[in-house]
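The block underneath contains the structure these notes are about, expressed in structure tokens.
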Amino acid sequence: MISFGMTEDQELVRDTMREFAAEVLRPIGRDCDENSDIPDDFLQSVWDLGLTSTQIPEAFGGAGEERSPVTNAILLEELAHGDAALAIAAVAPSQFANAIVDHGTDAQKKQYLPLFCGDKYHAASLALVEPGPLSDPFRPRTVAEPKGDGFVLSGQKSFVVMGDRASHFLVVARNGESLDAFIVARDAEGLQVSERELNMGLKALPTVTLDLERVEVGADARLGGEKGADVAAIISNSRAALCAVQVGLSRAVLEFCVPYTKDRVAFDEPIAKKQSIAFRLSEMHIGVETMRYLTWQAASLLEHGEPAVREARLARTHVAERSVWIADNGIQIFGGHGFIREYP
């Protein structure tokens, strides 16, 4: 039987993250956006929650709690309801660490996982996206050429989250006819990390471009060693996480619009009673619900160790379209006020 009900643990995570987002993320979100900066004390407060370390096995310094992609989707939605940019920054190290937990060799786990179990925030980044309108993580232009006992990486990655301070990057590249992921240290010869990218949105979130000019790495840098890694699962997990962020953001738009339409009076009655507004709010609500269920479907497959490439792609496509539509309609509902920056 299909069930969309949460477990008690998931309800506890939801309530805790909802409170944290309301008390910590939402109050500083605007200032972070205006200043294009995320305070170190915020990153540390998130780190203290243990979002990354709790899902790392005890043998490598973590708490050893079982990771649940569905629970993580619930968590991310609540954080993004407070602020999307801060939510992405909060879980960026987990993208790298979780890939090591799931696909790394014992040697790779021993070397890298303890970095995420210390008392201080530690950044490492997943490098999936490439410049250009036809970028597809399953068909990267970045290539890995075998050389001796190692590989030579050549290509470019963009929108690398928290790359301004990351110690390592997990770079997805084409290795012959297959996909592989490689752990690249920030100081690797031939790797150039750009200045912060100038993006239209998520201005608080630091992202960079990586230029890999024949970066040589050893065989031990290949995630999973000789057998490689399930890169499709890494990509699907990333897509499901981004979908959860957009669900939270879209829900925040809707929840900000509804009280306004009840208070805003035009022609002697609240605009919420106008059919054009009421129908629009209804469709926005339907959009949030369908976005969430598609996200949970992909996350549930990943949780059970099943392939989720199709479901994650469908969720990503639908969520991307609907979240933009919901944001645009939120602006339209506010009319001229939708263009004024005093509103979130």
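The values are calculated or read from the model by the stated rules, or taken from the named source; none is laboratory data. All values derive from a computational prediction rather than experimental measurement. Because the Cβ atoms are built from the backbone with ideal geometry, glycine has one as well, and the counts that use them run over all protein chains shown. Side chains included, ligands, DNA and RNA excluded: accessible areas come from the protein's heavy atoms. Shrake-Rupley method; radii C 1.70, N 1.55, O 1.52, S 1.80 Å.
Summary table below
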read-out: Stokes-Einstein translational diffusion, the stretch 1-65 - Kirkwood Rh over all Cα pairs, 0.890 mPa s, 25 °C, in µm²/s; value: 173
read-out: Calculated SAXS-style log₁₀ I(q)/I(0) at q = 0.08, 0.12 Å⁻¹ - the stretch 13-162, Debye, Cα scatterers; value: -0.27, -0.60
read-out: Among VAL231, ALA221, ALA266 the positive-end extreme of the charge dipole of the stretch 217-266 (Cβ point charges); value: ALA266
read-out: For PHE159, distant residues with modelled amide H under 5 Å away; value: VAL208
read-out: Percentage of interatomic Cα-Cα distances in the stretch 208-261 larger than 12 Å; value: 78
read-out: Mean residue ellipticity (222 nm) of the chain, computed from DSSP H runs ≥ 4 via -39,500 (n - 2.57), nearest 500; value: -15500 deg cm²/dmol
read-out: Total formal charge among the other residues, if their Cβ is under 12 angstrom from that of ALA272, Lys/Arg +1 and Asp/Glu -1; value: +3
read-out: Ellipsoid semi-axes in whole angstrom, largest first, where each is sqrt(5λ) of the Cα gyration tensor of the stretch 103-254; value: 25, 18, 16
read-out: Kirkwood Rh and Cα Rg combined as Rg over Rh, evaluated for the stretch 267-344; value: 1.15
read-out: Cross-link reach list, aspartates and glutamates versus LYS157, counting only Cα pairs under 18 Å and skipping chain neighbours closer than eight places; value: GLU130, ASP136, GLU145, ASP180, ASP187, GLU189, GLU195, GLU197, ASP211, GLU213, GLU216
read-out: For the stretch 71-111 and the stretch 45-60, distance of Cα centres in Å; value: 10
read-out: Accessible area in square angstrom per residue, the stretch 75-195, 1.4 angstrom probe; value: 40
read-out: Set of lysines near LYS262 by C-alpha distance (under 26 Å), chain-local residues within fewer than 8 positions excluded; value: LYS273, LYS274
read-out: Cα centre as origin, Lys/Arg/Asp/Glu Cβ charges: the chain dipole, Debye; value: 900
read-out: Protection proxy ranking of 4-11, 245-252 - average other beta-carbon atoms within 10 Å, highest first; value: 245-252, 4-11
read-out: Percent accessible area from carbon and sulfur atoms, the stretch 297-344, protein chains only, probe 1.4 Å; value: 54
read-out: Debye log10 I(q)/I(0) at q = 0.18 Å⁻¹ for the stretch 114-182, Cα point scatterers; value: -0.73
read-out: Convex hull of the stretch 229-318 built on C-alpha atoms - directionally averaged projected area, nm²; value: 6.0
read-out: Derived scalar couplings ³J(HN,Hα) [the stretch 112-127; Karplus, 6.51 cos²θ - 1.76 cosθ + 1.60; whole Hz; x for Gly, Pro]; value: 9, 5, x, 4, 9, 10, x, 7, 10, 4, 10, 9, 8, 10, 9, 10
read-out: Furthest towards positive pole of dipole, LEU75, SER158, TYR121, structure part the stretch 20-161, Cβ charges; value: SER158
read-out: Ordering of 78-84, 317-323 by burial proxy (mean other Cβ atoms within 10 Å per residue, highest first); value: 78-84, 317-323
read-out: Principal axes of the stretch 144-221: Cα extent on each, largest first, Å; value: 42, 25, 17
read-out: For the chain: Kirkwood Rh in Å [reciprocal of mean 1/r, alpha carbons]; value: 21.1
read-out: Dipole moment magnitude, nearest 20 debye, the stretch 3-102 about Cα centre, only Lys, Arg, Asp, Glu C-beta charged; value: 220
